[in-house]
Amino acid sequence: MKRFIEMGQIVAPHGIKGLMKVNPLCADVTALKNYAPFYNKDGQKLNLEFKNALGRQILVHIEGVDNRNEAEKWRGVRLFVERDILPKLKTDEYYVCDLIGLTALDEKGEKTGIVSDVFNYGAGDILEIKTNQGEKILVSMTQKNVPTIDLDKGCLTLIVPPEVEGDKR
C-alpha cells in the first residue's frame, strides 16, 4: 500500500494561461520539483511542470489546464508524493507528519497529551500539544523541552517550561 505525504497546496491561479501558485511544505521552495510524481488526495497522478519560484511560492502548470478559469478549479488542491521517494533523514531529524499524533509523555512516562500540530515561524519548530485536559499548549522543540522522540513507540518526552500556559478553549 502506498503511503502519501502532503508536500504543498495550490493556492491561486497566476495569469491567464493556466499557471498556478503553490505553497510548498518543504524548506527550499525549488526543492519541491525534486519529489515528482505528484498525486491529489484521491491518489490520482498529476502531471506537473514546474516554472519559477515566486517568493515563498512556486508556479506550476498542470497538463490540460490552459486558462485561468480551469486553473481556478484547482484552488485548494493539496499535492502529495509517495513517502518512499523522500530522502532518508539524519539522526534527530523528523518529518512533521511523523510528529503529529505522537503521545507526549512527562519525565515519569505518564501521558500528558498528543502532538496536534507543528509550526515554524522562522526561529525553530514549535509543537502544539493537546493536553489531557483539552488545553492546547505551544512548546518550543528544543533538546531541553523534548529530550527524546521514539517514532517506533509513537511517543516523545515533553518537559513543559513553567512559563507555558494553556489555551482553555
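Quick rundown of the values:
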| item | result |
| --- | --- |
| Some residue of region 131-152 being polar (S, T, N, Q), within 19 Å of the chain's Cα centre (by Cα) and in a loop (DSSP other than H, G, I, E, B) | yes |
| Among (1) over 28 Å from Thr142 (Cα atoms); (2) loosely packed, with under 13 Cβ neighbours inside 10 Å, the one test that Leu46 misses | (2) |
| Verdict on Asn23 being free of Cβ contacts under 8 Å to residues at least 24 places away in the same chain, of a type in the set (S, T, N, Q) and not in a loop (DSSP other than H, G, I, E, B) | no |
| Selected residue (criterion: surrounded by the fewest Cβ atoms within 10 Å (Cβ to Cβ)) from residues of region 61-119 that are closer than 24 Å to Gln143 by Cβ and among the β-branched types (Val, Ile, Thr) | Thr91 |
| The lone exception for Ala27 - which of (1) surrounded by 12 or more Cβ atoms within 10 Å (Cβ to Cβ); (2) closer than 26 Å to Asn120 by Cα; (3) among the hydrophobic types (A, V, I, L, M, F, W, C) it fails | (1) |
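Readers should treat all values here as calculations from the given coordinates under stated rules, not as data from a laboratory. Bear in mind that the values here come from a model prediction, so they are computed numbers and not experimental data. Don't worry about glycine lacking a Cβ; one is built from the backbone with ideal geometry, like all the others, and counts go over all protein chains shown.
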